[in-house]
Amino acid sequence: MAPHATLQETAQSRYWWMNATTTKFAQFGFDYTRFRFGLRTGSAACLALFLAWALGLEHPQWAAMTVWSVSQPTRGLLLEKAGFRALGTIIGTSVGILIVILTQDITLLAGLMLTLWVVACVYTSTLLHGLLSYGAVLAGYSASMVVLLTRTSDALLHIGVDRFVTVMLGILTALVIGWLFTYKRAEQTLVNKVRRQTAANLQLLSKAFAQGSIEKLPVHDHITQLAHLETQLIDHGSGSPSAHLSAKLLRRLLNAQLGIFAQLETLHFSGARLTPYPELSEALQTCAQAIIDNDPKRMRATVIALHPFVAKTPVAEAFFEFEHAATERLAFRGSGAAAQSVRTPSVLLHRDWRGAKESALRTFAVMALISILWAITGWAPLAFLLLGASVMLTLFSTAENPAKTMYFVFIGQAAGAILALSIQAFLWPHTNSIFTMLLCLVPIVLLAGIPMAHNRTSPGSMDFILVFLLLMQPNLHYEFDAVQSISIALAVTAAPLLAMASYKLLFPTNLRSRQRHLLQALERELQDIEQRSLTKQQLERYRARFYHRLFKLYKIADKLDFNAKLTAARWLLRVQQDLNKHQSTQTA
């Protein structure tokens, strides 16, 4: 008994210490989890920095930049993001080398060819989701790194290989360190959130069937909670085929619950009342309690037990979809695999074709203008402005409010540039080796997690460390050239300001515009299905995409105002009414 008691006391003591530490950090505005992540990433970045130097690579700071870019708080995200970064780097580096070979040091031609490639990448990334989108972005600005940092055609192969090897080294370092110090089951957090929300939704439905109406029940608040959970599924489905299947099944479960709420809202709007159904209300409460208790056997039994009750309701089809989705999810939980009845159409996602076109046109206009100015003036720092613009206009094009994001990016980059110039001016001229120059970077790289962990400085912290490293190119017999160094720093930090202006002036992008794009997409597809005779499978495909768009609409509305929430509620009714009309046509 004594050893067991000692282990238990040790665990309790560790738990108490963790809570006390987290509380102390929070008192000063710091997030302890982000601090640990930043410290781990900074340590890995320092390791990659010196490994790259030991291998004789010309740009060792690129390896450290890659560590900061790739590192993630969960293993699944870390593994998949590393894979897409590697793939994007290979494709982008290859295209960059090809552009330099084809243009033969003709500045205007190189700039315009690079612009066309980046435009293609930003268009593709806007249509994709999750890390597929990230890979497309990487392919764009990896080409920029090669084209814009190659001094002469003779140095092309060298810089291409250097770029590739430093990135791969950074990826490998981030993978090894991240895998050792990342919690294996961190992804389970989202699963638990979905489970608790599902229980809450069943309890709400129990009240609805107890009183025979959804009047005065917060149905739309529950839909909003589902919408926020649905957004997180992109990251959850990362790292393995099993994770992708898990996310797919969870999305189907969320879609089924949205379908029930949508049907109840449609009935309520039409003036029909539910018949009070105490037996179903009690069965729903029992099922909700089994989910809260996290008992798989009881969950499966209580979900199946709902079938004979819901069959007598006007929302039977929606409930049956929930039953199938819950059964598949429980089967996956028990075996790690799902039955053959999982249908691909039930998880189709919205693609923002209008947003993709606007992002592509915006990127082309800005990058083409910089390329022309570069060719006319021959001013070398404009290459860094073009590099920065290619990153700002691709990486942040899918942000909810990219212009606002650019403000924080600029603050972070300006701080990083000032610190870089300070080290270049006051420390590096007094060093006598690359190793000593890199030692000057260690405190900054190692402690960059501190601004990342603080609530006020976290928005621009990643840009701070990335720009700092981008500007810190070590070389022997270093002499500080104030004009050149300041010019390059100004060009780099001007990129977010230029991007901010373009996001505001060229196809203004914010939550309102994204809401407008969603409404236009919904309108277009409702008109499309009005003119078509749909098969059952086609109707399922439309329903899946409609539900995903409705989730996005509710999520945006939650960040806007009451009118936006009313708009989301009206479109929920309209979409479900049209789907019901086509469903009845098929039945007839």
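Laid out as a table, the results:
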| item | result |
| --- | --- |
| Lone qualifier among F426, F464 - being farther than 20 Å from L395 by Cβ and of a type in the set (F, W, Y) | F426 |
| L470 vs. criteria open to solvent by 40 Å² or more (accessible area, probe 1.4 Å) and out of contact with any strand residue (DSSP E or B) (no Cβ under 9 Å at 6 or more places or on another chain) | no |
| Within region 105-140, tally of residues that are over 14 Å from L87 (Cβ atoms) and either touching a strand residue (DSSP E or B) at 6+ places or on another chain (Cβ under 9 Å) or open to solvent by less than 30 Å² (accessible area, probe 1.4 Å) (or both) | 9 |
| Selection status of S246, under 17 Å from the mean Cα position of the chain (by Cα) and crowded, with 22+ Cβ neighbours inside 10 Å | no |
| Test for L79: is it open to solvent by 10 Å² or more (accessible area, probe 1.4 Å) and in contact (Cβ under 8 Å) with a residue 12 or more places away in the chain | yes |
| In region 144-200, residue modelled with the highest pLDDT [restricted to those that are within 30 Å of M392 (Cα to Cα) and charged (D, E, K, R)] | D162 |
| Odd one out for D293, checked against (1) crowded, with 23+ Cβ neighbours inside 10 Å; (2) modelled with pLDDT under 95; (3) not small (G, A, S) | (1) |
| Residue in region 211-242 that is surrounded by the most Cβ atoms within 10 Å (Cβ to Cβ), counting only those that are out of contact with any helix residue (DSSP H, G or I) (no Cβ under 8 Å at 6 or more places or on another chain) and within 24 Å of A568 (Cα to Cα) | D221 |
| Matching entry among S346, S397 (being under 25 Å from L466 (Cα atoms) and either at pLDDT below 90 or part of a loop (DSSP other than H, G, I, E, B) (or both)) | S397 |
| Which numbered condition N432 fails, given (1) open to solvent by less than 30 Å² (accessible area, probe 1.4 Å); (2) farther than 30 Å from Q515 by Cα | (1) |
| Residue in region 374-384 that is farthest from the chain's Cα centre (by Cα), counting only those that are aliphatic (A, V, I, L, M) and open to solvent by less than 80 Å² (accessible area, probe 1.4 Å) | A375 |
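Yes/no per residue for (1) open to solvent by less than 50 Å² (accessible area, probe 1.4 Å); (2) closer than 18 Å to D352 by Cβ; (3) of a type in the set (S, T, N, Q); (4) modelled with pLDDT under 90:
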{"residue": "P508", "(1), (2), (3), (4)": "no, yes, no, no"}
{"residue": "L522", "(1), (2), (3), (4)": "yes, yes, no, no"}
{"residue": "Q531", "(1), (2), (3), (4)": "no, no, yes, yes"}
{"residue": "T535", "(1), (2), (3), (4)": "no, no, yes, yes"}
{"residue": "F546", "(1), (2), (3), (4)": "yes, yes, no, no"}
{"residue": "A569", "(1), (2), (3), (4)": "yes, no, no, no"}
{"residue": "K581", "(1), (2), (3), (4)": "no, no, no, yes"}
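The values are calculated or read from the model by the stated rules, or taken from the named source; none is laboratory data. On a predicted model such as this, the values are computed, not experimentally measured, just so you know. Backbone-built Cβ (ideal geometry, glycine too); neighbour counts: all protein chains shown. The protein model used for the area step is the full one, side chains on, heavy atoms only, and it has no ligands, DNA or RNA in it. Shrake-Rupley method; radii C 1.70, N 1.55, O 1.52, S 1.80 Å.
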